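Heads up: the structure comes next, in structure tokens.
Coordinate-derived values only; no laboratory data. Given the structure is predicted, the values throughout are model-derived calculations rather than measurements. A quick note on method: Cβ atoms are made from the backbone with ideal geometry, for glycine too, and the neighbour counts reach across all protein chains shown.
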Amino acid sequence: MPATPDDFRARPPWWGGDLQTLRNFAVRVAVDLSAWPCAPLLFPMADGSGDRLLGFVHRLDAPTRPTVLLVHGLAGSSESSYMRGTAAHLLGQGHQVVRLNLRGAGASRALCKFQYHAGRTEDLATVIAALPAGLVRDGVCVVGYSLGGNAVLKLVGEERALPVRAAASVSAPIDLSAAAHRFLAPRNYLYHRWMLARMKREAMSEGASITEQEREAVLSAESVIQFDDRFVAPRNGFANAADYYARCSALGFLGTIRVPSLLIHADDDPWIPASAYRGWDWRSTPALTPALTRGGGHVGYHAAGDAATWYDRRIAAFFA
């Protein structure tokens, strides 16, 4: 059943979608994970590129629930505050946790020539298949945020033979074209410039295998759509940005998801339109549980009365 709009109550003074979103950057909360020491895990990719993804696993002496794989969003990493916050919450609930750096992101950057994108689900499948036996004994749950949420939903919609018991997405751009065009709205001018700058910096960071022509394409892009059209699409075998969006949007895979999946999204998300969520016939897909609220912003959900985010509490309850 969908969450009712009254399920989420904003924490003062972070009222409205913009403030909920900006709190992630305005208030840098240090999430202490020292109670659960972590160890690195390397995942060689199976495409012959030599790329390796780096994750950090937090093990428990006596886990009581499935291991959870956390997948960050665009320009994020295993150290993003939302990744660390969810890790702390789920570890406290008895889940072992793996915080993954996608291809070319965060701590994986130095180990990769290439880079993740919204539909690169083969990387996630490789990681899950390579998890040590002790982590998959009770199955695996997967959580994705923003762009990572789109990838997670696409992954489970592809019906691969993986030990995934449940999935959850937070603020996922399930219609990539609509999300890209939303960034171009005048009200999102500052968001857009900030995000585009981070995308360019990540694409050209040290260690990336990028040609001079690709570098010029990155530098010349004046919008996220041009970036995807001139760099992401041709680099990954898509005809153009429109083709990339059409083939990688999770919206096209919702109908084939059989794994119990929780989809969290706010109407006031300034980056991702809610129209694709509101227009979906949820009765036709019983494996999907929508948690659609009026408020919460983009990967915000800073709620009154609790230090944990609203989405962390919803995800933990769903997995339980």
Nearest-0.05 FRET efficiency for Thr64 and Arg193, computed from C-beta distance (R0 41 Å): 0.35
For Gly144, net neighbour charge (Lys/Arg +1, Asp/Glu -1) across residues whose Cβ lies under 13 Å away: +2
Hull volume in cubic angstrom per residue (convex hull over the Cα atoms of the stretch 179-248): 82 Å³
Percent RCO, i.e. relative contact order, over the stretch 179-248, from Cα pairs under 8 Å lying at least 6 residues apart: 23 percent
Relative packing of 245-254, 263-272, 147-156, 28-37, which averages over residues the other C-beta atoms within 10 Å, highest first: 147-156, 263-272, 245-254, 28-37
Amide hydrogen neighbours beyond the local backbone of Val97, cut-off 5 Å, H modeled: His58, Val68
Contact order relative to length of the chain, as percent, for alpha carbon pairs under 8 angstrom and 6 or more apart: 23 percent
Ellipticity estimate at 222 nm from DSSP helix runs (n ≥ 4, -39,500 (n - 2.57)) divided over the chain, nearest 500: -9000 deg cm²/dmol
Gyration tensor (alpha-carbon) shape descriptor, the chain, a/c threshold 1.5: rounded
Within the chain, longest stretch free of exposed GluC sites (Glu not before Pro) [DSSP loop, at most 16 other beta carbons within 10 Å]: 223-320
